[in-house]
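Structure, as structure tokens:
The values are calculated or read from the model by the stated rules, or taken from the named source; none is laboratory data. This is a predicted model, so every value here is computed, not measured. Here the Cβ is made from the backbone with ideal geometry for all residues, glycine too, and neighbour counts use every protein chain on show. Please note that ligands, DNA and RNA were not included when accessible areas were found on the heavy atoms of the full protein model with its side chains. Shrake-Rupley method; radii C 1.70, N 1.55, O 1.52, S 1.80 Å.
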Amino acid sequence: MSGSSDDVGGGGQAPGDIADPAHRAGNLFPDDIREKFEFYSYRNAATILAHSYPAHFEALIASLRSFSFTTDMIRRPGGSKGPIATLFEDSFSDEWREVRISADLLVRLHPAKGGSEAVIAEYQRSGYFDGHRIDLLNGKVALDIEWNSKDQTYDRDLYAFGAFYEAGAIDIGIIFTRGVAMNNAFFQSLGPILNKDGTEGSTMTAAKFGASTTGMGKLLYRLEAGRNGGCPVLAIGITPTCVSDWTPPAA
């Protein structure tokens, strides 16, 4: 695993002091998994997952171990729910499902002194939480998949994790996304895009993965800023090792 001794994952970008150190996070995963992915854990997310939800942890490891795709899948049209995101999502059992949260808030005001059981006022805020979605939820473990969306999607994901966590609906959130190692040089090496009919297009594949799209660096920035609130978050980054037919260009 590259990076400093306190780096939680490989790939060349070390998170700040807020992230969990490697010996409490990334090292929980088997060596073959760490060779394929980058791991960054916040608020002891990896430890909570491994020790409090061992069945979910093993399901995640199984999906990571089987995850592999081709350069053609990258070069073809498709956004965040394209073939690569769908491939990973479909590797989980039906116990993992897309969910939406809604909740009302019941507010009661009591006198501060004496007669604390008395109610001065009571009202309900309907729709206090509403509309927040998570790609996959199993029990209290949530998982969102971001392959190639606008980077603001991370704000939506982290806000949803926070809402679910504050409501007691989840204990941990996982975001599966492009890792730091999947950089512009990697996408440039793939050549032009492929059209729907399989012919080569007129633009380069790298143009699909611009500076405003999802990538680990954009996610770590938000995690370092605490946008996940109190929710423990495990960030998993895809690396080129997952691409079955890719070899690094000759130097």
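For the range 171-251, count all C-alpha to C-alpha pairs, find those more than 20 Å apart, and express that count as a whole percent of the total. All intermediate terms of the calculation are to be shown ahead of the outcome.
Values: 1467 of 3240 pairs.
Distances greater than 20 Å cover 45 percent of the Cα pairs.
Counting DSSP beta bridges in the chain, what percent are antiparallel, to the nearest 5? Before the final figure, lay out each step's value.
Numbers: 24 of 37 bridges.
Roughly 65 percent of the DSSP beta bridges within the chain come out antiparallel.
For the chain, what is the calculated [θ] at 222 nm in deg cm²/dmol (nearest 500), taking -39500 (n - 2.57) for each run of four or more DSSP H residues and dividing by its residue count?
Numbers: 8 runs with 65 residues, N = 251.
It lands at -7000 deg cm²/dmol.
What are the ³J(HN,Hα) couplings of the range 205-216, residue after residue, when phi is run through the Karplus curve with 6.51, -1.76, 1.60 and θ = phi - 60°? Round to Hz, x for glycine and proline.
4, 4, 5, 6, 10, x, 5, 9, 9, 5, x, 4
Can you tell which of His132, Met182, Ser212 lies farthest toward the positive end of the dipole of the range 74-230, using +1 and -1 charges on the Cβ of basic and acidic side chains (Lys, Arg; Asp, Glu)?
Ser212
Kindly write out, for the range 222-227 in residue order, the coupling ³J(HN,Hα) from the Karplus curve 6.51 cos²θ - 1.76 cosθ + 1.60 (θ = phi - 60°), rounded to whole Hz, with x marking Gly and Pro.
Using θ = phi - 60°, the values come out as 6, 5, 5, 7, x, 6 Hz.
Which of the trypsin sites (Lys or Arg not before Pro) across the range 178-210 are loop residues per DSSP, with 15 or fewer other Cβ within 10 Å? Can you show the working numbers first?
Values: sites: Arg178, Lys196, Lys208; in loops: Lys196.
Filter output for the range 178-210: Lys196.
Take the range 119-230, compute every pairwise Cα distance, and split them into 10 Å bins from 0; I just need the percent in each bin.
13, 34, 25, 17, 8, 2, 1, 0
Count the DSSP beta bridges whose two residues both fall in the range 126-251, then state the antiparallel fraction as a percent rounded to the nearest 5. Mind dumping the intermediate values first?
Details: 6 of 18 bridges.
The answer is about 35 percent antiparallel.
With N residues in the chain, what two-decimal value do you get for its Cα radius of gyration over 2.2 N^0.38 Å? Show your work: numbers first, answer last.
Values: Rg = 20.5 Å, N = 251, 2.2 N^0.38 = 18.0 Å.
After normalising by residue count via 2.2 N^0.38 Å, the value is 1.14.
Over the chain, average the accessible area per residue using a 1.4 Å probe and give it in Å², no decimals. Don't skip to the end; give the middle numbers.
Numbers: 12120 Å² over 251 residues.
Per residue, the chain has an accessible area of 48 Å².
Out of Leu109, Phe69, Val233, whose Cα points farthest toward the positive end of the dipole of the chain (charges: +1 Lys, Arg; -1 Asp, Glu; placed on Cβ)?
Sorting the options by dipole projection puts first Leu109.
For the chain, what does the relative contact order come out to in percent, with C-alpha contacts under 8 Å and a separation of six or more?
Details: 468 pairs, mean separation 60.3, N = 251.
Relative CO of the chain lands at 24 percent.
How many percent of all Cα-Cα pairs in the range 48-189 sit more than 25 Å apart? Can you show the working numbers first?
On the way: 4326 of 10011 pairs.
So the portion of pairs separated by more than 25 Å is 43 percent.
Explain nothing, just the number: dipole magnitude of the range 22-140 about its Cα centre with +1 on each Lys and Arg Cβ and -1 on each Asp and Glu Cβ, in debye rounded to the nearest 20.
Using Cβ point charges on Lys, Arg, Asp and Glu, the range 22-140 gives about 380 debye.
Can you work out the Karplus-derived ³J(HN,Hα) for every residue in the range 50-65? Use 6.51 cos²θ - 1.76 cosθ + 1.60 with θ = phi - 60°, whole Hz, and x for glycine or proline.
Running phi through 6.51 cos²θ - 1.76 cosθ + 1.60 with θ = phi - 60° gives 5, 9, 8, 9, x, 5, 5, 4, 5, 5, 5, 4, 4, 5, 5, 5 Hz.
Just to confirm my numbers, what's the Cα centroid distance between the range 171-196 and the range 31-85 in Å?
Between the Cα centres of the range 171-196 and the range 31-85 lies a distance of 13 Å.
Sequence gap at least 6, Cα distance under 8 Å: using those rules, report the relative contact order of the range 89-183 to the nearest whole percent. Numbers along the way, then the final one.
On the way: 139 pairs, mean separation 24.7, N = 95.
Once normalised by length, the contact order is 26 percent.
About its Cα centre, how strong a charge dipole does the chain have in debye, to the nearest 20, once Lys and Arg get +1 and Asp and Glu get -1 at the Cβ?
Dipole about the Cα centre, nearest 20: 480 debye.
Pairs of lysines 8 or more apart, or on different chains, with alpha carbons under 21 Å: count those in the chain, would you?
9
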